[in-house]
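Reading through the structure tokens given below for one structure.
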Amino acid sequence: MKEQKHIKSMFDKIVKRYDFLNHVLSFGQDIFWRKKMAEKAVLNQNDIILDLATGTADSAVALIKKGAKVIGLDISFEMLKAGALKIKNQFNSSALFYPMNASGYQIPLKDNSVDAVTCAFGIRNMHETKRALLEIYRVIKKEGRIVILEFSLPQNILQKPYLLYLKKVIPIIASVFSVKSAYEYLGSSIEGFYKPLDFTNLLYDCGFKNIKAIPLSFGCVYLYVGIK
């Protein structure tokens, strides 16, 4: 699929400075956001959680700290390799994290096999969003959880300065440390993604229930939580 090849290539190229720029460009808020996601996802010790678009495994770190065992799936092998090394170094174990180089459209897991699926800032890169959500639904156990963390445009006075930051400031900073085009894509992908109510409705359409859309950082980020 052309879209996936482009996304894979883009993330392969930015892996070296990815964590650094995440922390800098979010003013350190990304650590807080992932911690909140992990709190909603992990309800029991040794929960098996699929972390979709796991990247360099920052979300997996937060999940493991809460007591989960994590399957980390990503289409970017370079990201996945960096993430697996991070987990091994931080926890001195490779038994807590199982890396899987695969597509979110075709998850190589059995039906009803995981307690929860998490995805931090990756669902908007799956342009066939409903297809990805239906695949997520398939692999979650009955009464299991979907927990998605994703950027949004704040529907308040912050929208204009936020867009300016996304589309003008971030690419300039990124050009010093990484690949400018990848961070230009960041702004356009956020602007083009579903509004919170629309995404909530899509989750319902895919079979999830009891969905909550929780705004973080004045609505710049949303945490979506649902049950199968």
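The values are calculated or read from the model by the stated rules, or taken from the named source; none is laboratory data. As the structure is a computational prediction, the values presented were derived from the model and not from experiment. In this analysis, Cβ positions are derived from the backbone assuming ideal geometry, glycine residues included, and neighbour counts consider all displayed protein chains. Remember, those area values only see protein heavy atoms, side chains included, never the ligands or the DNA or RNA. Shrake-Rupley method; radii C 1.70, N 1.55, O 1.52, S 1.80 Å.
Restricting to the range 62-71, what's the tally of residues that are out of contact with any strand residue (DSSP E or B) (no Cβ under 8 Å at 6 or more places or on another chain), outside any loop (DSSP other than H, G, I, E, B) and surrounded by fewer than 22 Cβ atoms within 10 Å (Cβ to Cβ)? Working first, answer last.
Here is the first cut: in the range 62-71, the residues out of contact with any strand residue (DSSP E or B) (no Cβ under 8 Å at 6 or more places or on another chain) are 62, 65-67.
Those left that are additionally outside any loop (DSSP other than H, G, I, E, B): 62, 65.
Then drop every residue that is not surrounded by fewer than 22 Cβ atoms within 10 Å (Cβ to Cβ), which leaves 65.
Residues flagged as out of contact with any strand residue (DSSP E or B) (no Cβ under 8 Å at 6 or more places or on another chain), outside any loop (DSSP other than H, G, I, E, B) and surrounded by fewer than 22 Cβ atoms within 10 Å (Cβ to Cβ) within the range 62-71 amount to 1.
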**OP:** Answer yes if at least one residue in the range 172-188 is open to solvent by less than 20 Å² (accessible area, probe 1.4 Å), touching a Lys or Arg at 6+ places or on another chain (Cβ under 6 Å) and over 25 Å from residue 130 (Cβ atoms), and no otherwise.
**Re:** yes
**OP:** Out of the residues in the range 46-61 that are open to solvent by 20 Å² or more (accessible area, probe 1.4 Å) and hydrophobic (A, V, I, L, M, F, W, C), state the one that is nearest to residue 136 (Cα to Cα).
**Re:** 53
Original post:
Among the residues of the range 151-188 satisfying the criterion of being of a type in the set (A, V, I, L, M, F, W, C), at pLDDT 85 or above and in contact with a helix residue (DSSP H, G or I) (Cβ under 6 Å, 6 or more places away or on another chain), which is farthest from residue 11 (Cα to Cα)?
Top reply: 158
Original post:
Which of (1) open to solvent by 30 Å² or more (accessible area, probe 1.4 Å); (2) in contact with a helix residue (DSSP H, G or I) (Cβ under 6 Å, 6 or more places away or on another chain); (3) small (Gly, Ala, Ser) does residue 9 not meet, given it meets every other one?
Top reply: (2)
Original post:
What is the number of the single condition among (1) touching a Lys or Arg at 6+ places or on another chain (Cβ under 9 Å); (2) within 23 Å of residue 103 (Cα to Cα); (3) assigned to a helix (DSSP H, G or I); (4) open to solvent by 60 Å² or more (accessible area, probe 1.4 Å) that residue 194 does not meet?
Top reply: (3)
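Tell me which strands (runs of 3 or more DSSP E) are completely within the range 85-184 and hold 3 or more residues being out of contact with any strand residue (DSSP E or B) (no Cβ under 8 Å at 6 or more places or on another chain) and not hydrophobic (A, V, I, L, M, F, W, C), or say none if there are none.
Working: elements: 97-101, 114-120, 140-151.
Strands (runs of 3 or more DSSP E) meeting the threshold: none at all.
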Original post:
Here are some conditions: (1) within 29 Å of residue 172 (Cβ to Cβ); (2) surrounded by fewer than 20 Cβ atoms within 10 Å (Cβ to Cβ); (3) of a type in the set (Asp, Glu); (4) at pLDDT 95 or above. Residue 74 meets all but one. Which one does it not meet?
Top reply: (2)
Subject >> Single residue of the range 197-216 satisfying the filter (surrounded by fewer than 17 Cβ atoms within 10 Å (Cβ to Cβ) and polar (S, T, N, Q)) that is nearest to residue 11 (Cα to Cα) >> reply: 201
**OP:** Select from the range 2-44 the residues that are outside any helix (DSSP H, G or I) and either touching a strand residue (DSSP E or B) at 6+ places or on another chain (Cβ under 8 Å) or touching a residue at least 40 places away in the same chain (Cβ under 8 Å) (or both) and list them in ascending order.
**Re:** 42, 43, 44
Original post:
Can you tell me which residue in the range 82-98 is nearest to the chain's Cα centre (by Cα), limited to those that are crowded, with 16+ Cβ neighbours inside 10 Å and within 20 Å of residue 13 (Cβ to Cβ)?
Top reply: 83
**OP:** With the condition kept exactly as written, say whether any residue in the range 174-185 is more than 16 Å from the chain's Cα centre (by Cα) and on the phi > 0 side of the Ramachandran plot.
**Re:** no
